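One structure is given here, and the rest of the page talks about it.
Derivation of every value follows stated rules applied to the coordinates shown; laboratory data play no part. Nothing here was measured: the structure is a model prediction, and the numbers come from that model. Glycine gets a Cβ as well: all are built from the backbone with ideal geometry, and neighbour counts include every protein chain shown.
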Amino acid sequence: MSGRLLGDDVKLECKLRLESHLQEAGPCLACLHPDALKLYTPSPSGLGEGYEVSLDALIGCTRLDGTVARTWIVGAEEDRGHNTLVQHIAHLWCSAQSSVSSYQGLMAFNSEHVSIEGCWEAVKTILSDTLERWGAPDLAEWMEGNRVLIIIEDFDYRKCKEYIKETLEEWECADFLLLTSPSYVTYSAELFAEYLPTLKFTIVDMNMPTILSLAGTVLDSGNKQKFRTWCTENWGIASEILTYPSLIKPLCQAWKSKYISSATKTTTQLLWNILESHIADNMHMELKDIEKWFLTIGSFARMSLEDRNRKHIDRIEVMDKAQDIFPSGFAEQLVTNTIPCGFSLLWYTNIYYPHPVKQFLAAWDAIQQLINGVRLKLLTKYLIDEDSVVIYAAGHLVRILEFQPEYEDKNVSRCAKHLILHMDRAKHRFVYTLRVIQEFLVHPWIIDSFKAEVVLGRHWEIHDKGMLVLPISTLLKFHSPEKIFLLISKKKEAPDLEGVIQLLSQTSIPLALIESSHLEWESPLTTDALVKTVQSGTAQLQDLVGSLSADTIHNLGNQEQTRHLVCLKLRVTELNAVRELFNTPSHLPHLMWLSPDFDLPLVDLKHIQLPEITTPLMDVGFRDIRDDDIPSLCEFLVSIRKGYIAMHLTRCLATPQGVVTLLRQLHRGGLMMTADSKSVNRYRRWRYPALSTIHPGEELAQEKVQHLLGYDERHHYNDNDIRSTALADQDNICALVECLETMESLLCFRYSCSNYLVIKHCNGNVEFKNLM
């Protein structure tokens, strides 16, 4: 073969293809630097929990057991960083940078290719020139014996499982980078861990500081501060767009061009503003001139959302439709320039819209069909994340009413009713309700329809994206719940939490504030300002989860709004805060459950005298505990209380032997790791109004409680959780399992380390799983 080696041809063809695709992607990559992506290890993981890894160091990183990983599984929501990750790894390989350059070839393809024909057929497509030159047998033999990196995007382990097993058995030298949804990470890791050392990662959504930093690369110095102010004031609608990297630049351009104004009140309006700006800049025309085009592309967007593996839109099909409506030359401009496009290295010949844009376009098609009499369920039941599409459809209906007021009231009312009643299919019913009202802009017709059709619950649970002042204030005008729960997840940002608390604090409705992001170890965030806002109003705070300073803890019992606390879970970061927290039971007469998370070294706690805690229920959390700390930990726990409902040791190095020692020492010290049934039942009666049907003098039989609540909630009162970065051998894991089986008072227990997971269930069964 003229002195050339097959491997040279493989490397050359891979490089030429990737460089061509990267050149195409150039403009789309300009707005996102790889450093903006944050890769974290979840628990359990071969690197431990919460470790951050840069993109440059991802390939080739070593696990805790000393082995170099050969499969990396990265979970992220659609369009939240996967494309950037693939493009960056491809760039590193093409430019011979970092450890990636040691691979003889880099081949990237989509899960759809694998699920239909397998990896071998996908490779033959990528290496078509090499295949023609050398033939299939030689190329197949080369793939079996040479070190290559295989990247699979949108990996669906359910559809690819058998093909992947076949590939892993044949290509023993290949390494794999899998990009998948967060819900598939664990299952994918279990599949690959049977064959190769595997690591799991998640990409965390970008926060406001990161987004503003990226926006600063697009905006001039005179606009940066103004844009920062606008973002802060409008984060409730802007966060839905700006957390998608490929939409940062288009939004900034629309803002600079003044298409975004004070009249922009919803995410749907914001996306219309972005499209208007984009069309004016690239087509030099107005949106109304090409309305037919949006109906056409909307139908394609809706079809792409019905297929989990088809996240692109076929350019040829779209061009054919465009040419049916417009002249050929103009049709090409429509396809290319009307809508901001993202870029996928694997779908470079097709149209790849950012996920919110695709949902927005699909919703435009859906609302038009809904107006024409098609049932909403038929339009959305196969969609991925149908709730977001329906929410955008609500925003589109308001736009239609604004620009086309001639629509019959009957049609509008019917559409509004369909959009409102979708809440019964929504993933989070009440959050959907709030978001759809926000998009409706409290339109009078629609609110009247809402009042006529909807019965709201006695308890409102408002999660992350539902923290919106306008819809909450609207609902409060005609409904008063018995209690409102404000729930913020870890690593999530609520759109307008401060505004919502300001609003609710002026009511007489009892509140629960669960700010889980403030529980992150060593976080500088505190809940002080939010608590002070509550204390300035009239509402009573009954549940509080967060992190407070010593002064704010001290003041809880002095204010009427916070002295009625029943449940208090706080991360405390210094000794004065610990002292104040341990004094709260004497100042909070209704306190039933105290839960301190000690965000300071255990050794510091040995130097202070603390009173014994007498609340009915108590659990504790610690960080960075090692086996050597077990005696001190036991001594401290016994000194402050005689019984706990649970212990949480996270980001620790406790081995199975250390955990067994801990449990036995606590038992010998007379310390119970469970609550008495009287205390638990007292709390249950307060927490769950459904149990009020059981007479106060009657015992809470588990069967009856479970029937009334609809689920078994006993794990809440004994959810022991130890998350370690240690490595364990199976003999020691079996010893831990045996220990857990003999300790009947431990209702629920979970121990995870870098290579094993042990779980004790409420029914007494104990199981373990090898994670490597």
*Which of the listed residues, 251, 270, 213, is farthest toward the dipole's positive end in segment 208-282, when Lys, Arg count +1 and Asp, Glu count -1 at the beta-carbon?*
213
*Between residue 263 and residue 281, how many nm apart are label points set 7 Å from Cα along the C-beta direction?*
2.1 nm
*What's the extension gain from residue 767 to residue 614 if we count 0.36 nm per residue and subtract their Cα-Cα distance?*
51.7 nm
*For residue 667 and residue 323, what is the calculated FRET efficiency with R₀ set at 56 Å and r taken between the beta-carbons, to the nearest 0.05?*
0.10
*Using a simple spin-label model with points 7 Å from Cα along the Cα→Cβ vector, what separation in nm is obtained for residue 695 and residue 116?*
6.8 nm
*Net length gained if the chain between residue 681 and residue 54 were fully extended (0.36 nm per residue, minus Cα distance)*: 220.9 nm
_Exposure proxy order (Cβ contacts within 10 Å, fewest to most) of 231, 173, 652_ = 173, 231, 652
_Cut-off under 5 Å, modelled amide H: who pairs with residue 651 long-range_ = 723
*Relative contact order of the chain, pairs being alpha-carbon contacts under 8 Å that are 6 or more residues apart, as %*: 9 percent
*Placed amide H near residue 176: partners under 5 Å, 5+ positions off or other chain*: 71, 72, 150
*With label points built 7 Å along Cα→Cβ from the Cα atoms of residue 427 and residue 451, find their separation and express it in nm.*
3.3 nm
*Please tell me which of these pairs span more than 24 angstrom C-alpha to C-alpha: 165/760; 226/532; 38/161; 288/465; 165/200; 427/769?*
165/760; 226/532; 38/161; 288/465; 427/769
*Could you go through segment 255-261 in sequence order and give the Karplus-derived ³J(HN,Hα) for each residue, using 6.51 cos²θ - 1.76 cosθ + 1.60 with θ = phi - 60°, rounded to whole Hz, and x for Gly and Pro?*
5, 4, 7, 6, 6, 8, 9
*Do you know the relative contact order of segment 6-203, to the nearest whole percent, from alpha carbon pairs under 8 angstrom that are 6+ apart?*
32 percent
*So how do 240-246, 122-128 stack up, highest first, on mean other-Cβ count within 10 Å?*
240-246, 122-128
*Do any trypsin sites (Lys or Arg not before Pro) in segment 575-663 lie in a loop, going by DSSP, with at most 13 other beta-carbon atoms within 10 Å of their beta carbon, and if so which?*
606, 642
*Out of segment 435-522, which chymotrypsin sites (Phe, Trp or Tyr not before Pro) are coil in DSSP terms and have no more than 11 other C-beta atoms within 10 Å?*
478
*asked:* Need one number: % antiparallel among DSSP beta bridges in the chain, to the nearest 5.
replied: 20 percent
*What are the ³J(HN,Hα) values, in whole Hz, obtained from phi via the Karplus relation 6.51 cos²θ - 1.76 cosθ + 1.60 with θ = phi - 60°, for each residue of segment 527-542 in sequence order, with x given for Gly and Pro?*
9, 3, 4, 5, 5, 5, 5, 4, 5, 7, x, 10, 6, 8, 8, 9
*Taking the dipole about the Cα centre of the chain, with the C-beta of Lys and Arg at +1 and of Asp and Glu at -1, give me whichever of 637, 149, 296 is farthest to the positive side.*
637
*Multiply the residue gap between residue 315 and residue 707 by 0.36 nm, knock off their C-alpha separation, and tell me the result in nm, one decimal place.*
135.7 nm
*asked:* What does the charge count around residue 483 come to, taking other residues whose C-beta lies under 14 Å from its C-beta (Lys +1, Arg +1, Asp -1, Glu -1)?
replied: -1
*FRET efficiency estimate (nearest 0.05) - Cβ-Cβ, residue 233 to residue 745, R0 56 angstrom*: 0.60
